[in-house]
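K.L.:
Just dropping this structure here.
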Amino acid sequence: MLLQSLKLRNIRSYAEQEMQFPEGTVLLSGDIGTGKSTILLAIEFALFGILRGDLSGNSLLRNGEEKGSVELEFELNGQKITVHRKLKRTKTAVEQEAGYIIKNNMRKDATPQELKTEIFELIGYPKSMLTKSKSLVYRYTVYTPQEDMKRIILDSQESRLDILRKVFDIDKYKRIKENTTAYSKGLREQSKEYAGRTADLEDKKKQKQEKEEQAKEIILKINQQKPKLDQAKRDLEASKKTLAETEEKIKNLHEKKKEIEISETQLKLKAEQNSKNAAELGKLKQEIEKLEEEIEGKEVLDFSPKIQEKLDQTNKIECELKEINSKLTEIKTKKQMSQETKDKITGMKNCPTCLQEVTAIHKTTITDAEDSKIKIFKEQMEQHGTQLTAKEEDLKIIKQEAELLREKEKQMSLTKLKQENLNEKQQKEKNMIEQQEAIRKEIGEINQKKTKLNQEIEKLSKAEKEFAENKKEFDTASQKEKELEIEYSKL
């Protein structure tokens, strides 16, 4: 790699600087703080970007500036290459921005990591170095700080060899050698183990022969004992099956007996219900006969229309009486007014309106006229009085007739109530007769079921005796099978 030029903008002490590198060896000289290390750090940044913990953005970007950049031009294998990287200050740190690389006059924009990958491929570094952020080996091939150079020179031979192996990507051969050594050591240890296992091989062969002879004797005994054991197991299984069948019969027997008890209880309840219903039917029949005698020949009539008719007549007469009384009051008032006029004119001397003297002739004329009116009023009062008396008599008769009808209606209600009671009892009698018929039918069915259950119980009555015998056989077979099993297991 031959460096040709370097452009700096806002990098440490350089605000804007461009420098050309001549061919051959280049020496950077100057006082402390003049920017020698800045040039080396800028070259390292252009190639590898920010290195966390070693080369930060804050250490490169000029104080007070927001952006900065480095552009490095170099020649590699006859190819001219330009790398341009950028820095930008954020609220929390100085970070890299996307830059570009120019190869064969072709510009390619790339992220910081993509630029680093391109440089690694150009220089020929192993790709494994890309993910090793703490590895400084590839940096030292370009620029080694004085302190780190001293550490490398004074380091052990093995450490320097490791660095060279990593640089030239041959450290894998060291791992192969180490793995081969470890594998060989394992094979030697395994060989020693196998040798220890086969040291007493002859003794083990003799033991094997003895064990085989013992095994033959045991197999012979097993072959003799196994048929007996198999037969005992078959006998036990058959006995177990027979016992289970007998147990099922006993279970069935108990269920049938329980059903018999339930049937007898049901039969008893039905008989009691039948007797109770018969007694109630007898009593009900007597009540029906008594009610039939009480309402015999009595027709149930409805007096409501006639009573309503009498009420309507009563209301009508009361209205007429009210009207007559109103007319009587009116006539009495008129008669009184005529009498007052007559009395007033008789004692009057002068007219209150014109103040002239009232003559005797005038008084007589008015008095005669009022007497005539009073006579007519008396006649009208007598006529209305006669009408009033007649209407009151009619009202009294109608009310008596209405009361008589109500009394008859009351008696008829009692007859009607008895008729309804009779109908209810007759319906109840019919229902109870049907119920009695159903009970008799159920009693017949229960008796049939009971007869059938007794027959089935008779068939199962020997099951308990059979169970005792089968249980004894099962216990004997079980004991025999157990003894043979113990003898067989000892073999």
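K.L.:
May I ask for the net charge around K80, where only other residues with Cβ less than 9 Å from the Cβ of K80 are counted and Lys, Arg are +1 while Asp, Glu are -1?
P.N.:
-1
K.L.:
Follow-up question, since we're still on this one. Taking the Cα centre of the stretch 1-115 as the origin, how large is its charge dipole in debye, to the nearest 20, when only Lys and Arg (+1) and Asp and Glu (-1) carry charge on their Cβ atoms?
P.N.:
I would put it at about 320 debye.
K.L.:
Next up: Can you tally the net charge around L3? Count Lys and Arg as +1, Asp and Glu as -1, for every other residue whose Cβ sits under 9 Å from the Cβ of L3.
P.N.:
Once all neighbours under 9 Å are counted, the net charge is -2.
K.L.:
P(r) for the stretch 216-491, please, calculated from all Cα pair distances in 10 Å bins and given in %.
P.N.:
Taking all Cα pairs of the stretch 216-491, the binned fractions are 5, 11, 9, 8, 8, 7, 7, 6, 6, 6, 5, 5, 4, 3, 3, 2, 2, 1, 0 percent.
K.L.:
Let me ask something else. For K204, give me every one of the lysines with a C-alpha distance below 21 angstrom, ignoring sequence neighbours fewer than eight places off in its own chain.
P.N.:
Hits, sequence-local ones excluded: K192, K216.
K.L.:
Name the residue farthest towards the positive end of the dipole of the chain from the options M1, T365, A215, assuming +1 on Cβ of Lys and Arg, -1 on Cβ of Asp and Glu, about the Cα centre.
P.N.:
M1
K.L.:
Which of (1) 709; (2) 185; (3) 160 is the computed volume of the Cα convex hull per residue in Å³ for the structure on display?
P.N.:
(1)
K.L.:
Amide H of S5 versus every other amide H placed in the peptide plane: which residues, excluding those fewer than 5 positions away on the same chain, fall under 5 Å?
P.N.:
F21, E73
K.L.:
Which lysines, if any, have their Cα less than 22 Å from the Cα of K185, not counting same-chain residues under 8 positions apart?
P.N.:
Straight-line reach from K185, under 22 Å: K172, K174, K177.
K.L.:
Continuing with the same structure: Tell me, D54, D230 in order of fewest to most beta-carbon neighbours within 10 Å?
P.N.:
D230, D54
K.L.:
Within the set K322/K373; K327/K375; K226/K251; K310/K332; K327/K399, which residue pairs have Cα atoms separated by over 28 Å?
P.N.:
Too far apart for the 28 Å limit: K226/K251; K310/K332.
K.L.:
Something else: Which value, in Å to one decimal place, does the Kirkwood hydrodynamic radius take for the stretch 246-327 when every pair of different Cα atoms is included?
P.N.:
Taking every pair of different Cα atoms in the stretch 246-327, averaging 1/r and inverting gives 20.4 Å.
K.L.:
Can you compute the charge dipole magnitude of the stretch 234-285 about its Cα centre, using +1 on each Lys and Arg Cβ and -1 on each Asp and Glu Cβ, nothing else charged? Give it in debye, rounded to the nearest 20.
P.N.:
So the magnitude is around 320 debye.
K.L.:
Compute, for the chain, the length of the dipole vector about the Cα centre, with Cβ point charges of +1 (Lys, Arg) and -1 (Asp, Glu) only. Units Debye, rounded to 20.
P.N.:
In total the dipole reaches around 2600 debye.
K.L.:
Would you mind ranking Y173, Y125 by Cβ crowding within 10 Å, fewest neighbours first?
P.N.:
By the 10 Å Cβ count, ascending, the order reads Y173, Y125.
K.L.:
Which entries in the list K249/K449; K221/K241; K449/K471 go over 21 Å, if you measure between the two C-alpha atoms of each?
P.N.:
Beyond 21 Å: K221/K241; K449/K471.
Laboratory data are not the source of any read-out in this text; all were calculated from the coordinates shown. Remember, predicted model here, so these are calculated numbers, not experimental data. Positions of Cβ are generated from backbone atoms using ideal geometry, with glycine treated the same way; all protein chains shown enter the neighbour counts.
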